[in-house]
1. What are the ³J(HN,Hα) couplings of the stretch 496-512, residue after residue, when phi is run through the Karplus curve with 6.51, -1.76, 1.60 and θ = phi - 60°? Round to Hz, x for glycine and proline.
2. Please give me the summed charge of the neighbours of Leu262: other residues whose Cβ is under 11 Å from its Cβ, Lys and Arg +1, Asp and Glu -1.
3. Can you report the principal axis dimensions of the stretch 212-273 using only the alpha carbons, biggest first, rounded to whole angstrom?
4. Quick one: compute the contact order of the stretch 5-264, relative version, from alpha carbon pairs under 8 angstrom and 6+ residues apart, as a percent.
5. Can you work out the FRET efficiency for the pair Asn339 and Leu68, with r the C-beta to C-beta distance and R0 = 25 Å, to the nearest 0.05?
6. Grab the Cα-Cα distance for Asp249 and Glu625, subtract it from 0.36 nm times how many residues apart they are, and report the gain in nm with one decimal.
7. Cut-off under 21 Å on the C-alpha distance; same-chain residues fewer than 8 positions from Lys18 excluded. Which lysines are left, in chain and number order?
8. Which FRET efficiency value, to the nearest 0.05, do you get for Asp320 and Lys79 by plugging their Cβ-Cβ distance into 1/(1 + (r/R0)^6) with R0 = 45 Å?
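Readers should treat all values here as calculations from the given coordinates under stated rules, not as data from a laboratory. In this text the structure is predicted, and so the values were computed from the model without any measurement. Every residue, glycine among them, receives a Cβ derived from its backbone with ideal geometry; neighbour counts consider all protein chains shown.
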Amino acid sequence: MAMNLTHKILSAHLLSGKLIPGEEIAIRIDQTLTQDSTGTMAYLQFEAMGVDRVKTKKSLAYIDHNTLQTGFENADDHKYIQTVAKKHGIWCSKPGNGICHQVQVERYGVPGWTLLGSDSHTPTGGGIGMIAIGAGGLDVAVAMGSGAYHMICPKVVAVRLTGRLQKGVAAKDIILEILRRLSVKGGVGKVMEYVGDGVATLTVPERATIANMGAELGATTSVFPSDEATRAFLKAQRREADFTPLAADPGAIYDEELTVNLSELVPMVALPHMPDNVKTVAEAGPLKVDQVFIGSCTNSSYQDMMRAAAILKGKRVHPDVSLVIGPGSRQVLSMLARNGALADMIDAGARILETACGPCIGMGQSPCTGAVSVRTNNRNFYARSGTASAGIFLVSCETAAATALAGVLTDPRTLDTDLTVKLPEEFLINDNLVIPPAEPGQEDTVEVVRGPNIKPFPIGKALAEDVSGAVLLKMEDNITTDHIMPSNAKLLPYRSNIPHLSDYCLSPVDETFPARAKAAGGGILVAGANYGQGSSREHAALVPLYLGIRAVIAKSFARIHRDNLINNGILPLTFADEADYDSVAQGDILSLPGIRAAIAAGSEEITIADETSGRTFTARLPLTERQRGMLLAGGLLNYSRETAN
């Protein structure tokens, strides 16, 4: 039977289950990655599992998020990550080596392998032909300990690319067009598999851009074939031995299909405050701009930087614009420094940032009050930049560079610039900021260093026979993990301190929520559609758990956040009839009588009594047998301990 590429890779890694959409499967994980924003908690959880050494082919810990060191907290977390990684068989990429997804593609990604990462943009690895999936830190910890990851088998969508991009139109415009068509919910429960003649016209960095931002579709992951472009990229990284040709079989079957004619695309822009709020640059108009950022894990490759440098060379950034540029890796930065492109950008008036996530996560470079900030990153959620009043507009590097010069949102096709960038036959290789783990048998010689900011994390309790509580907060659609657990420069240093973070939970929605939740001793949350979209940060489940939240009732959930809720023993219920959402008010007392027995019996229909209004309604709770066991036990850690005995 002809197979698509997704099923080829999944079947080669399948440990249990069948590749039928909606059924639970377990796959073997070849590689894992963490970053310092989520990694500290993931390694605390890994230690709690009692596993001496990771069982993957290669696990990597990147330090690329919390690099702004204004106190001891971030540096302490870095020390903890480096020492715990060394002890347990994990390679550690130190600060300054680059953004995890950029470095992973450059130096470690292997076509046909699986990658699980505690970052929602882990699917960037799909650009090199991997099945690369973002997950919560606990899922990654379990995968490091057992090599297995449990997931719901996704549908596979063939995204057929035809034609060739015009000059000045970029890979970023492809994924923005797909977001315009499908929305931030359009990829939920799906893998976006790229096929068609247009694929061969895209380089690995361009494919990685598309796969990276596929996370904004809500997709499980995105994947490109491994072809001659992949071979050339790996050869230039001195990794040709990692190359394997991979593609779908002729006549492969897909669940859905979407066609994008690259020749017809024009420069696009996502307007605030959602990545699917997309228009053409021409439609958005010559909007006056205050700040431009070129970088992030979406657009910080050598090819991206060279195109931006070509546009900036010999010109001057508009006096009203602050231009900041963040190359994605030390490899990219070093090559720009050696070939003169870095000087071209500096001479034009650009400020050069560290090779880190930076502005994308609000870690520095927050724009001024009411600013228009044009950026090449992947998310423009409300207040994510660190300035709530600012509007973030997402574009390609070419559009960003042209805009920085003009001072207004500008179509790069209006410039007479040669944007041809030939990828080097050999990249500059220097991996001396990657620290190897201790050799097997030498683990006991490594002392794990824990600073005073690292606090114990909450662990769920076994599910009670009945659950009840007040609706502490009622929310609208598309509440992101940035809403649930803000991740700005002031809070990122406390990623290993759940008690401190609890004072800020859901504060962008209602600043009184933390105090009210603590006073009530916990309760229930109600939300609209796509609750928990965005980052994979497990803190968006851990902090509500700490505050006593036992259930969230929503119209629908984002995949990773739903998994994180289950992993931590919080019930993720959906309204059977979305009209019931309107009938529930904040402050209502809801009760779920017999919930433990219902879950144990495998019931997917849960009756909820609104004791305030006197009415009842039905919620759905579809679970696999394993997920039922996890909720009954109070979360994945408890369940793993129970099933191990």
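1. 9, 10, 4, x, 5, 5, 4, 6, 10, 4, 6, 5, x, 8, 8, 5, 8
2. Numbers: positive: Arg160, Arg164; negative: Asp173, Glu177, Asp197, Glu206, Glu264.
Net charge in that neighbourhood comes out at -3.
3. 43, 31, 27
4. Numbers: 588 pairs, mean separation 58.7, N = 260.
Across the stretch 5-264, relative contact order equals 23 percent.
5. On the way: r = 29 Å, r/R0 = 1.14.
That gives a FRET efficiency of 0.30.
6. Numbers: separation 376, 0.36 × 376 = 135.36 nm, distance 3.34 nm.
Net length gain for the segment: 132.0 nm.
7. Lys8, Lys155, Lys190
8. On the way: r = 42 Å, r/R0 = 0.93.
The calculated FRET efficiency here is 0.60.
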